[in-house]
1. Which ones in the stretch 10-53 are of a type outside the set (Val, Ile, Thr) and touching a Gly at 6+ places or on another chain (Cβ under 7 Å)?
2. Is it true that TRP52 is open to solvent by 90 Å² or more (accessible area, probe 1.4 Å) and at pLDDT below 95?
3. Could you tell me which residue of the stretch 1-37 is farthest from ALA94 (Cα to Cα), considering only residues that are small (Gly, Ala, Ser) and surrounded by fewer than 16 Cβ atoms within 10 Å (Cβ to Cβ)?
4. Is there a residue in the stretch 74-81 that is of a type in the set (Val, Ile, Thr) and surrounded by 12 or more Cβ atoms within 10 Å (Cβ to Cβ)?
5. Anything in the stretch 2-49 that is at pLDDT below 90 and basic (Lys, Arg)? List them, or say none.
6. Take the stretch 83-111 and flag every residue that is under 26 Å from GLY32 (Cα atoms) and free of Cβ contacts under 8 Å to residues at least 24 places away in the same chain.
7. Looking only at residues in the stretch 154-176 that are over 24 Å from the mean Cα position of the chain (by Cα) and within 30 Å of PRO117 (Cα to Cα), which one is least open to solvent (accessible area, probe 1.4 Å)?
8. Pairs needed: first member in the stretch 34-54, under 15 Å from SER108 (Cβ atoms); second member anywhere, small (Gly, Ala, Ser) and surrounded by 15 or more Cβ atoms within 10 Å (Cβ to Cβ); C-beta distance under 7 Å; at least 6 residues apart or different chains.
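The values are calculated or read from the model by the stated rules, or taken from the named source; none is laboratory data. Just so you know, these numbers come straight off a predicted model, no measurement behind them. In this analysis, Cβ positions are derived from the backbone assuming ideal geometry, glycine residues included, and neighbour counts consider all displayed protein chains. For accessibility, only protein heavy atoms count, side chains too; no ligands or nucleic acids. Shrake-Rupley method; radii C 1.70, N 1.55, O 1.52, S 1.80 Å.
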Amino acid sequence: MYRAPAHVKILVLLAFVLTVVATPREWFGAFGGYLVAILGVALLVARIPFGWLAKRMVIEVPFLVFAALMPFVVRGPEIEVLGVGLSEPGLLAAWGLAAKGTIGVLASLTLAATTEPVAVLAGLQRLRMPDLIVQIMGFMVRYLSVVTGDLQRMLTAMRSRGADPRSPRHWPALARTLGALFVRSYERGERVHLAMLSRGYDGRLP
């Protein structure tokens, strides 16, 4: 898992995800097999700690919330569960969204845990992804920690002035902080681009 070429792992991930997405929602056993397979690869082959995966699965929560609402908003025949009428098509759609999303996120996290970001970018280049997209992704990876550090310093400054970013009462101040962070990041991007042009950048990075 760790020594395999990045472009091979990307192709395998893409094929696996497409297979999961193309599987009919009614094939419940197939999704059980997919889940066992990806967990086996992640936990037993790659030896990724379960806690590492669980913490990063939080990114899926908005999709799960949306899936939980579908039995209440989708029209169709209903069944009663604990005295509440739920749409059968909505339940099936919610199951499909949750199952496919969870398996896809687990597969992506497995790739992320076993492949360095630089190797992923090199793999995308080998797969002939357009250079500009690869460069944008590269700068995103490079400057994500810088922007995150700026945000943490801004939040610390807010707290030192008596504002709680988690309190709805102080959300206007948080919104202004995020706006300032966006402007600062945009200006940094312009300075980096000018520095690249002054060093002979012609659309391709060496």
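1. Applying the first criterion (of a type outside the set (Val, Ile, Thr)) to the stretch 10-53 yields 11, 13-16, 18, 22, 24-35, 37, 39-40, 42-44, 46-47, 49-53.
Passing the criteria: only ARG25.
2. Judged against the criteria, TRP52 is not a match.
3. For the stretch 1-37, the residue satisfying everything is ALA4.
4. Checked against the condition, which is being of a type in the set (Val, Ile, Thr) and surrounded by 12 or more Cβ atoms within 10 Å (Cβ to Cβ), the stretch 74-81 yields at least one hit.
5. ARG3, ARG25
6. Selection gives LEU86, SER87, GLU88, PRO89, GLY90, LEU91.
7. MET154
8. ILE38/ALA107; ALA46/ALA113; ILE48/ALA42; ILE48/ALA113; TRP52/ALA113; LEU53/ALA42
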